[in-house]
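Colleague: Can you keep this structure in mind? I'll have questions shortly.
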Amino acid sequence: MNYSDFPRNDVLCIDMRSFYASVECLKNGLDPMQAMLAVVGDKKRSGSIILAASPELKRRHGVKNVSRYFDLPNDPAIYVVEAKMGDYLRVSVEITKLINQYVPKEAIHQYSVDELWVTVNGLEKLYGNRWNVARLIKQELYDTMGLTCSIGIGDNKFLAKVVMDLYAKKEGISECTYEDVAEKLWPIPVEEIWGIGKRMMRNLNRMGVVTLGQLANHPLEQLKKRFGVMGEQLYWHAWGIDLSPVIGNFQKQEQKGFGHGITLLRDYQRDEVFACILDLVEEVCRRARTARKAGRTIHLGIGYSQETGGGFSRSRSIPLPTNVTMDVYHICVQLFNEFYDGRSSIRRVFVTLDHLFDDGETQLDLFENQTKKKDIGYIMDQIRERYGPTALLRATSFTDNGVTLERSKKIGGHKA
């Protein structure tokens, strides 16, 4: 591969180590690297997932982030705290502000609450090479916030991310250039590479592709024929090539749809689920109205309880785009009545509105006052924006089957 044809940038991928657990340690006056602390979603539920475990808890007891609360060993030295998503978001914003002191906003691409890419092109005269910049950022995060991080350095985003996942989490800071790909990345099994999930791993393994090196040397045309555009991307990534922009407005993205879903705390029966569906539809339509969008395709997904398993996911398109809550709700009820098996308990529900259009003038209807229906939605939104999300709710939201009141206390499904 002639890498001279491809751009080289100075890209850092920064991952905060055990972020939720580290923030909770600092809040409680503990050393994030020495204390044994687990962050759970809800201490009242033994089956609650462990969202984060401190490095020492992982090392000493082998606790993983996918473990359950009841899996924790009976060790009095272990601290257990509930997740506070609002705190983590605030700290994440402060981390981004600190990075912004080194580079402009256009050079920062937030990947998640605890991970981001930073393009440090042109900082040599101020701070030295990209290794020096990485060391400075790592040290300042520790000195000012008490947080540790792992940093991958690469010629593009893919290389920075992969070397961070594979090496920097053990070494602190690691680098991978185009010339390092064959030595550092090709021996790695494909399932350990960012962007390759279990399903893709199985498909590649059936083709005799086990390592990234074998993927790089597999015929490109065969990969494109089997996986389409994704096959081509896999091939170029296997060679360490990624043409994703490293400078730009990464916060502004085109909205393709609005969705909202929930995993219920208990099994719902047929008559109970309609209140939940209405609450989800209300939130989806509120977000669409806020963006001044309306959609033509309504999607309803239902997941059954673990005992029965399965579920369904169906959509229906309507002639005219809408963001009126009751219009979308009635379509969801139709889909539910048509595809529900009539006996299974329900544990997961999600609603999506897509195939979006600008919410312009309403087409007149001889039988319904569409303008009035839309105006009511916007007025309800204005009241909630001024007085809080629970200032004005539908009656069903106050029943045991509604989910809005409980969800209003959470961020990302966890306590704020």
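Colleague: I need the full set of residues from segment 34-62 which are farther than 21 Å from Gly172 by Cα, out of contact with any Cys (no Cβ under 7 Å at 6 or more places or on another chain) and of a type outside the set (D, E, K, R), in order please.
Modeller: Matches in segment 34-62: Ala38, Val39, Val40, Gly41, Ser46, Gly47, Ser48, Ile49, Ile50, Leu51, His61.
One line per residue, one yes/no per condition, for (1) in contact with a helix residue (DSSP H, G or I) (Cβ under 6 Å, 6 or more places away or on another chain); (2) without any contact (Cβ under 8 Å) to a residue 40 or more places away in the chain; (3) open to solvent by 20 Å² or more (accessible area, probe 1.4 Å):
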site: Val162; (1), (2), (3): no, yes, no
site: Lys170; (1), (2), (3): no, yes, yes
site: Ser174; (1), (2), (3): yes, yes, no
site: Glu183; (1), (2), (3): no, yes, yes
site: Pro189; (1), (2), (3): no, yes, yes
site: Trp194; (1), (2), (3): yes, yes, yes
site: Met201; (1), (2), (3): yes, yes, yes
site: Arg206; (1), (2), (3): no, yes, yes
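Colleague: Return the residues of segment 228-250 that are closer than 20 Å to Ile188 by Cβ and either part of a loop (DSSP other than H, G, I, E, B) or open to solvent by less than 40 Å² (accessible area, probe 1.4 Å) (or both); say none if nothing qualifies. Working first, answer last.
Modeller: Taking segment 228-250 first, the residues closer than 20 Å to Ile188 by Cβ are 230-231, 233-242.
Hits for segment 228-250 are Gly231, Leu234, Tyr235, His237, Ala238, Trp239, Gly240, Ile241, Asp242.
Colleague: Working carefully through the options Val351, Val333, find the one that is of a type in the set (Val, Ile, Thr), surrounded by 14 or more Cβ atoms within 10 Å (Cβ to Cβ), modelled with pLDDT of 80 or more and within 28 Å of the chain's Cα centre (by Cα).
Modeller: Just a single option satisfies the conditions, and that option is Val351.
Colleague: Here is a follow-up. Could you please let me know if Val11 is open to solvent by less than 10 Å² (accessible area, probe 1.4 Å), over 30 Å from Pro219 (Cβ atoms) and of a type in the set (Val, Ile, Thr)? Talk me through it step by step, then tell me what you get.
Modeller: Details: open to solvent by less than 10 Å² (accessible area, probe 1.4 Å): yes; over 30 Å from Pro219 (Cβ atoms): no; of a type in the set (Val, Ile, Thr): yes.
In short, no.
Colleague: Run Gly342 past the list (1) buried (at least 16 other Cβ atoms within 10 Å of the Cβ); (2) at pLDDT 80 or above; (3) farther than 21 Å from Thr297 by Cβ; (4) of a type outside the set (Val, Ile, Thr) and report the number of the one that doesn't hold.
Modeller: That leaves (1) as the condition not met.
Colleague: Here is a further query. Looking at segment 62-77, can you tell me whether even one residue there is within 30 Å of Asn132 (Cα to Cα) and in a helix (DSSP H, G or I)?
Modeller: Within segment 62-77, not a single residue is within 30 Å of Asn132 (Cα to Cα) and in a helix (DSSP H, G or I).
Colleague: Considering (1) in contact (Cβ under 8 Å) with a residue 40 or more places away in the chain; (2) outside any helix (DSSP H, G or I); (3) open to solvent by 40 Å² or more (accessible area, probe 1.4 Å); (4) not polar (S, T, N, Q), say which one Tyr20 fails and leave the rest.
Modeller: Failed condition: (2).
Colleague: Which ones in segment 370-391 are hydroxyl-bearing (Ser, Thr, Tyr) and over 19 Å from Glu406 (Cα atoms)?
Modeller: Scanning segment 370-391 gives Thr371, Tyr378.
The values are calculated or read from the model by the stated rules, or taken from the named source; none is laboratory data. Given the structure is predicted, the values throughout are model-derived calculations rather than measurements. Glycine gets a Cβ as well: all are built from the backbone with ideal geometry, and neighbour counts include every protein chain shown. Heads up: the accessible areas ignore ligands, DNA and RNA and are worked out on the full protein's heavy atoms, side chains in. Shrake-Rupley method; radii C 1.70, N 1.55, O 1.52, S 1.80 Å.
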